[in-house]
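S.K.: Below is one structure. I have some questions about it.
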Amino acid sequence: MSDIISGICFLCVKDQEILGTITIDGEHIRRLFVLPKWQHFGCGTFLLRFAEKEIPAFGNAVRVDSSAPAEKFYERNGYALKRECCADFFGEQVQWKIYEKKLGGAE
């Protein structure tokens, strides 16, 4: 809720139905989610491109934490693996990967 109030959460809407959402926190995409029935129709790519246009004000790269199912999506969109992470959450090992994409020809 605080992301909505802060104005960093954005929606993809069609015919008054929310298809997906993205949260931009500085140069980091915190959440990109598309409802399963709307996946593979371009909504995720639309949200990602929107975020990439908003982020240059904060830095020269976009970073995103990726779940395993989303890895290929980010790779197809020009993101490269930056780091693999692992943490213990309430006794369970959780793994994720951080992907990064340089913006505006940055090295």
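Every number here is computed from the coordinates shown, using simple stated rules; none is lab data. Please read all numbers here as calculations on a predicted model, not as lab measurements. Cβ coordinates were reconstructed from backbone atoms using ideal geometry, including for glycine residues, and neighbour counts include every protein chain displayed.
S.K.: Using a ≥ b ≥ c from the Cα gyration tensor of the chain (square roots of the eigenvalues), is it rounded, prolate or oblate, where a/c under 1.5 gives rounded and otherwise the larger of a/b and b/c decides, a/b for prolate?
M.R.: In terms of gyration-tensor shape, rounded.
S.K.: So if R0 is 25 Å, what FRET efficiency would LEU35 and LYS72 give, r being the distance between their Cβ atoms, rounded to the nearest 0.05?
M.R.: So the FRET efficiency works out to roughly 0.85.
S.K.: Using a Förster distance of 35 angstrom, determine the FRET efficiency expected from the C-beta separation of LEU81 and GLU17, and round it to 0.05.
M.R.: 0.55
S.K.: Summing -39500 (n - 2.57) over the DSSP H runs of n ≥ 4 in the chain and dividing by its residue number, what mean residue ellipticity at 222 nm do you reach, to the nearest 500 deg cm²/dmol?
M.R.: Value at 222 nm, helices only, nearest 500: -5500 deg cm²/dmol.
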